[in-house]
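**Student:** Below is the structure I would like to discuss, written out as structure tokens.
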Amino acid sequence: MNKIFFLLFFLLLSCEVNDEISNSESIYDSSEEIVGDPISIIISESEKIIYKIQSDRLLDSLGNIILLGGVAIEVYDDIGDKTNDIYSQRAIVYSQTDSMSAFGNVKIVSAVTGDKLFTEKIILYNKMESVVSKDEVLFINGGDSLQGIGFWSDFNMTNWKIDKPIGSITKDEK
């Protein structure tokens, strides 16, 4: 946890600080913003990488990291293997738990299976290594497209479920 705060402190000292926060989409009041082209940060715990993040803007709010614009996140498991890539318009990394939420045109691509998930909001629970959405989702598994409301998966997206499937599946009998 101390490494995260050291990383934020280092970023605040080494990046441009913009005193004019222009219509931030954050609900938090923040006096400092880091902008970049893009900003690249690594969040780790005990020398294990958890996230590699790129974003256009970064805000530090109440100890959490708020990312805005062009968010791209690589997620790693406990043994250091990349599990998935996440793309979104905004994200929050919760410093106390190292969990994360992503918002706005969220796309997750599994590095293990190649499966894709599209939704408006997801939460990654780092300790449980799970991906959760309560919103409408489109999940592309191999050649199949599945829609529904509510989604749960492990980080690798090998074990998953859609809570309320939408649509129908027909299979030709030969």
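The values are calculated or read from the model by the stated rules, or taken from the named source; none is laboratory data. Quick caveat: nothing in here was measured; it's all calculated off a predicted structure. Methodologically, a virtual Cβ is constructed for each residue, glycine included, from the backbone with ideal geometry; neighbour enumeration extends over all protein chains shown. Remember, those area values only see protein heavy atoms, side chains included, never the ligands or the DNA or RNA. Shrake-Rupley method; radii C 1.70, N 1.55, O 1.52, S 1.80 Å.
**Student:** How many residues does the stretch 93-117 hold that are under 23 Å from I149 (Cα atoms) and among the aromatic types (F, W, Y)?
**Tutor:** 1
**Student:** Still on this structure, please answer the following. Taking the criterion of being over 19 Å from Y125 (Cα atoms), open to solvent by 60 Å² or more (accessible area, probe 1.4 Å) and at pLDDT below 85, would at least one residue in the stretch 53-68 satisfy it?
**Tutor:** yes
**Student:** Also, I was wondering about something else. Name the single residue, out of those in the stretch 69-88 being in contact (Cβ under 8 Å) with a residue 60 or more places away in the chain and assigned to a strand (DSSP E or B), that is surrounded by the fewest Cβ atoms within 10 Å (Cβ to Cβ).
**Tutor:** T83
**Student:** Taking only the stretch 126-169 into account, find how many residues are open to solvent by 50 Å² or more (accessible area, probe 1.4 Å) and touching a Leu at 6+ places or on another chain (Cβ under 6 Å).
**Tutor:** 1
**Student:** Further question on the same structure: Keeping to the stretch 89-108, report how many residues are open to solvent by 30 Å² or more (accessible area, probe 1.4 Å) and more than 20 Å from R57 (Cα to Cα).
**Tutor:** 2
**Student:** Regarding S133, is this residue polar (S, T, N, Q), at pLDDT below 95 and assigned to a strand (DSSP E or B)? Steps first, answer last, please.
**Tutor:** On the way: polar (S, T, N, Q): yes; at pLDDT below 95: no; assigned to a strand (DSSP E or B): yes.
Judged against the criteria, S133 is not a match.
**Student:** Looking at the stretch 90-124, which of its residues are assigned to a strand (DSSP E or B) and touching a residue at least 60 places away in the same chain (Cβ under 8 Å)? Walk me through how you get there before you give the answer.
**Tutor:** Keep residues of the stretch 90-124 that are assigned to a strand (DSSP E or B), which gives 90-94, 99-110, 116-124.
Within the stretch 90-124, R90 is the sole residue that qualifies.
**Student:** What pairs come out if I take residues in the stretch 30-41 that are within 8 Å of R57 (Cβ to Cβ) and open to solvent by 30 Å² or more (accessible area, probe 1.4 Å) and pair them with residues that are in a strand (DSSP E or B) and at pLDDT below 80 whose C-beta lies under 8 Å away, six or more apart or interchain?
**Tutor:** Listed pairs, sorted by first residue: none to list.
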